[in-house]
Amino acid sequence: MIKTAATAFAVASVVYSCSCSSNLGIADSLDLDETPVQTVDNMFVVHSENGILQMRMEADLMERYDRDSMTYELFPEGFAVYGYNEEGLLETEIISDNARHEKYTEDDRETWQAFGNVKVKNIINKEILETDTLYWDRKNQKIYTDCYVKMHSPDGFIQGYGMESDERARNTIILKPFDNYAFVVQDSTEVTVDSVNFIGPLLKK
């Protein structure tokens, strides 16, 4: 999912912003704290282990900034992460309008935040979760939020405040649920097909 998303930036095209002008007045007016040290357009990051795809990350724009005690990256034009399961099948998708990644130099601590129309899809479980802000705890391999969330699944609809899950969104828990409903009657003879990972002719209805 988001794991190791900070690695493999070498596969992206890196564009450095520089100027050959000798206009010192313009240079003196620059606020270096607000100027990215690196800009990446059309970022595409892939991570695999033992030949099996683990994660894919895409962003139209990444801006990296340096501070004394930390570096951080902003993704102001959208952000998407795709996580794959142990068999290499696409399992989890996270998209948002914006994202931020921070790394602290003194203790190597990292934080990830996705915000703005955040959608978390577990494709295999057919679950879709929506919220405004989502955090990823890399050390403990979990995602969470304190914001309002709503989730649609084959079993029904659930909403509430606060959510915790493993980073693959396999076991999602709504912390303060309210006004939910479930589908009590389901067709036990229905055949479901994973249309994302399925290879071959689709079954006739």
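Read-outs throughout are calculated quantities, based only on the coordinates presented, and are distinct from any laboratory measurement. Owing to the predicted nature of the structure, the values given are computational and were not obtained by experimental measurement. As a convention, Cβ positions derive from the backbone with ideal geometry for all residues, glycine included, and neighbour counts pool all protein chains shown.
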Requested in this report: Answer with one residue from His47, Thr35, Tyr148: the one whose Cα lies farthest towards the positive end of the charge dipole of region 9-182, charges on Cβ with Lys, Arg +1 and Asp, Glu -1.
Outcome: Tyr148
Requested in this report: Find which of Gly83, Thr133, Ala114 sits farthest along the positive direction of the dipole of region 9-182, computed with +1 on the beta-carbon of Lys and Arg, -1 on that of Asp and Glu, about the Cα centre.
Outcome: Gly83
Query raised in the report: Along the Cα-to-Cβ line of Arg109, 7 Å from the Cα, sits a label point; which residues in region 70-88 have backbone N less than 18 Å from it?
Result: 70-73
**Report entry** Assigned charges on the beta-carbon of Lys, Arg, Asp, Glu; region 9-182 dipole about Cα centre (debye)
**Finding:** 540
Query raised in the report: Quick one: Cα convex hull volume of region 106-160, Å³ per residue?
Result: 94
Query - Per principal axis, descending, Cα span of region 9-182 in whole Å - result: 67, 39, 29
Query raised in the report: Quick one: if you stick a label point 7 Å off each Cα along the C-beta vector at Glu164 and Asn42, how many nm between them?
Result: 4.3
Query - Förster radius 22 Å - calculated FRET efficiency between Asn180 and Ile128, Cβ distance, rounded to 0.05 - result: 0.90
